[in-house]
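Trainee: Mind looking over this structure? Questions follow.
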Amino acid sequence: MADAIADAFDTGVHALIQAGTGTGKSLGYLAPALDRCTTSGDTVIVATATLALQAQLAKKDIPAALDAIEAVHGKRPATAILKGRTNYACLHRVREGLAPDQDTLLGGEEVAEAAKASGAGAESVIGAEVVMLREWAEQQLAEHGVADRDDAPSHLPRSWEQVSIPVRECLGVQRCPFGSECFVEKSRDEARKAQLIVTNHALLAIDAMHGGTALPEHDLVVIDEAHDLVSRVTGAASDELSPQLVERVARRALNHVDDDTGMQLLEAADALKSALDEAPVGRITEAGVMTQAFALVRDAARHAVSQLATKPDDRPAVMQGADAEKTQAAAAVKEIFDIAERMAALRPADVVWTTDRDRFGRWAHVAPLSVAGLMREAVMSTATVVMTSATLKIGGDFDQVAQTVGLKRKERVDSPSVEVDRAEESTELHWAGLDVGSPFDYRRQGILYVAADLPNPGREQMAPEVLAEVAELVWAAGGRTLGLFASQRNAEAAARHVRAQLPDLTILCQGDAQLPELTRRFIEDPHASLFGTLSLWQGIDIPGDTCELVIIDKIPFPRPDDPLMQARQQAVTEAGGNGFMAVAASHAALLLAQGAGRLIRRASDRGVVAMLDPRLVKARYGSFLRATMPEFWMTADREVAVQALKRLQAARES
């Protein structure tokens, strides 16, 4: 893997590298990246999907790689971690934001704990938490010079919103009275001095969308957890609009615009609510009541933006008080204008739809139909890119992933050495795919049991036969089960059934408590099982005999009523491709590979993946899905799986 990445850096050929769990991917790319920083002076961006991996890189992998580089070259390249603006506390919000009531001598942390313990309402808890976070931010400034959300005391998301600031509302380092102490600017200064910068997929996307303003100039990019890249970039390029959001922004602007303009914004919020209530939920493809409502919001926001605009000569050198509030209100209104304008346009490159949320009513959403063009033009065409993950070969090859990020040509290689005809037309972006394999012997360590005799899953509740199968498998394993379900309803139904059938075993279900707490209890109780939904498919790492059985209730196809997936599938079909295979089946294959990959996390792990959806072996697309999963030994015989689990249980007890 390291040789292939070094070759990619030398030749400029993009690399897609699949490296199984346990390979040591982080060191596999850090070694050649830091070597390049040292010998060529290049700047390398490493983009990850999760904060957990960022933390692992910062605390463990990068220091180890730096020690090795220093031993070889006698130099130690500078490294930095760079996150999005809202991951840092904003001193302007901390010091001049709205002050929560706190008529007490207690500290913020004590007030927050007291509010929670007393069962106080959400607003009281948030107010107490904001006080606590402000105290924490000042302490972090004094002791460490930075206030990163990862280091903050436990808090609600709404509390953090009161001490951080969206990028649009930032006053700017020159005009903010606390610009010289700004945590974001300090992190950016550190990044500009570094040769290896670790960031996340979302910030990489923001940098691409805004002309390279979010990240330092760089020569090379490594994208880890690349299987999640398209989803993260799509999220960064998406927007939402709700009546509550428009009303909240309108009220922020009321003190800075005339009465007619303020009323126009509030009436536009009411019009948006009426349109959302009247129109059917789903994708919007034609002009009508919804686009008229978007246009009303757009026009009202445009008038407000005009009144809120300040001539450059009239702006104070440093903004405080009303000037700062006006500038931030103007930025918030401008964002509403941009979103409403985008939704009203119904551009072919966008998908616009509405959803119904249990607590907040109906919202409108807009997302890009594809991110391939953005990735091709703003990422792949500007630097040499290495993408790596344990799951990049969808259906057995790299083509599908390559196409989703704008890479069309295919260069096959069977070894780390990459040779490409450089005389090809310059518009083509050359790439190479390499599977470095896995250190695990999946056929010896695991069994894939497909319950071919069960009925095909439907959209209604789980069939009694399926629930009985879940209980029998959990019994055979003596607990130690990770249940991955297509919906929260299915997870809860399975948990209720197994608890009734096996009262001596502990069955934890997502939603019973916070996921970190459930994970801790799953690990500590040798007879516990944990049932849950999507966040468990990719976000949980439980090596050892804590998890010897992974149950998957059905193939995780996207919801048939998902407007974005529907639109992408339709676009592929209209272009002459197979929309179902390119979108729905590829989505399911990726999640299946990630879900099945929860079983074997180290060389000593053993166990069974039980697939309770017979379509995996009976449907025509089944072989495509299985080609993406680890190569377990496969059986359709329930008794084989049950006996294997019982032998594992007996071996533990002996």
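Trainee: Taking the alpha-carbon distance from Lys273 and a cut-off under 25 Å, which lysines remain once sequence neighbours fewer than 8 residues away in the same chain are dropped?
Mentor: Leaving aside lysines fewer than 8 places away in the same chain, those within reach of Lys273 are Lys334.
Trainee: Could you give me the ³J(HN,Hα) list for segment 57-72, computed from phi with Karplus coefficients 6.51, -1.76, 1.60 and θ = phi - 60°, whole Hz, x at Gly and Pro?
Mentor: Result, ordered by residue: 4, 5, 8, 10, 6, 5, x, 5, 5, 5, 4, 5, 4, 5, 5, 8 Hz.
Trainee: Right, something else. Helix 2-11 versus the longest principal axis of the chain: what angle, 0 to 90°, nearest 10, using Cα atoms?
Mentor: 50
Trainee: Hey, can you find the accessible area per residue of the chain for me, probe 1.4 Å, expressed in square angstrom?
Mentor: Value for the chain: 46 Å² per residue.
Trainee: Give the peptides 510-519, 430-439 in descending order of average Cβ contacts within 10 Å, highest first.
Mentor: Final packing ranking: 430-439, 510-519.
Trainee: Another question, then. Classify segment 31-96 from the C-alpha gyration tensor, please: rounded if a/c falls under 1.5, else prolate or oblate depending on whether a/b exceeds b/c.
Mentor: Prolate is the answer for segment 31-96, as a/c is 1.5 or above and a/b outweighs b/c.
Trainee: A follow-up question, please. Please list, ordered by chain and number, the residues whose modelled amide H lies under 5 Å from the amide H of Asp350; skip anything fewer than 5 residues away on the same chain.
Mentor: Leu369
Trainee: If you don't mind, another one. Determine, for each peptide in 221-228, 335-342, 567-574, the mean count of other beta carbons within 10 angstrom over its residues, then list the peptides with the highest first.
Mentor: Packing proxy ranking, top to bottom: 221-228, 335-342, 567-574.
Trainee: Per DSSP H run of at least 4 residues, take -39500 (n - 2.57); add these up for the chain, divide by its residues and hand me the 222 nm value, nearest 500 deg cm²/dmol.
Mentor: Per the formula, -13500 deg cm²/dmol.
Trainee: Too long at a 20 Å Cα-Cα cut-off: which of Lys83/Lys186; Lys83/Lys408; Lys25/Lys186?
Mentor: The answer is Lys83/Lys408; Lys25/Lys186.
Trainee: If Lys and Arg each add +1 and Asp and Glu each add -1, what is the summed charge of the other residues whose beta carbon sits under 10 Å from the beta carbon of Ala301?
Mentor: -1
Trainee: OK, next. Given (1) 26.5, 86; (2) 24.2, 76; (3) 26.6, 82 as candidate values of Rg and Dmax of the Cα atoms in Å, which corresponds to the one derived from the coordinates?
Mentor: The value computed from this structure is option (3).
Trainee: Also, I was wondering about something else. Within the chain, what percent of beta bridges assigned by DSSP are antiparallel, to the nearest 5?
Mentor: 25
Trainee: When the Karplus curve 6.51 cos²θ - 1.76 cosθ + 1.60 is applied with θ = phi - 60°, which whole-Hz ³J(HN,Hα) does each residue of segment 169-178 get, with x for Gly and Pro?
Mentor: 8, 5, 6, x, 4, 6, 9, 7, x, 10
Trainee: While we're on this one: What pairs from Lys554/Lys646; Lys75/Lys393; Lys393/Lys618 go past 29 Å between their alpha carbons?
Mentor: In this structure, Lys75/Lys393 exceed 29 Å between Cα atoms.
Trainee: With all protein chains present, how much of the accessible area of the chain (probe radius 1.4 Å) comes from carbon and sulfur, to the nearest whole percent?
Mentor: Here it works out to 48 percent.
Trainee: How large is ³J(HN,Hα) for each residue in segment 353-370, as worked out from phi by the Karplus curve 6.51 cos²θ - 1.76 cosθ + 1.60 (θ = phi - 60°), to whole Hz, x for Gly and Pro?
Mentor: Here the 3J(HN,Hα) series is 7, 10, 9, 10, 9, 4, 8, 10, x, 8, 10, 10, 9, 9, 9, x, 4, 8 Hz.
The values are calculated or read from the model by the stated rules, or taken from the named source; none is laboratory data. Everything numeric in this text was worked out from a predicted model, so none of it was measured. Please note: Cβ atoms are built from the backbone with ideal geometry, for glycine as well, and neighbour counts cover all protein chains shown. The protein model used for the area step is the full one, side chains on, heavy atoms only, and it has no ligands, DNA or RNA in it. Shrake-Rupley method; radii C 1.70, N 1.55, O 1.52, S 1.80 Å.
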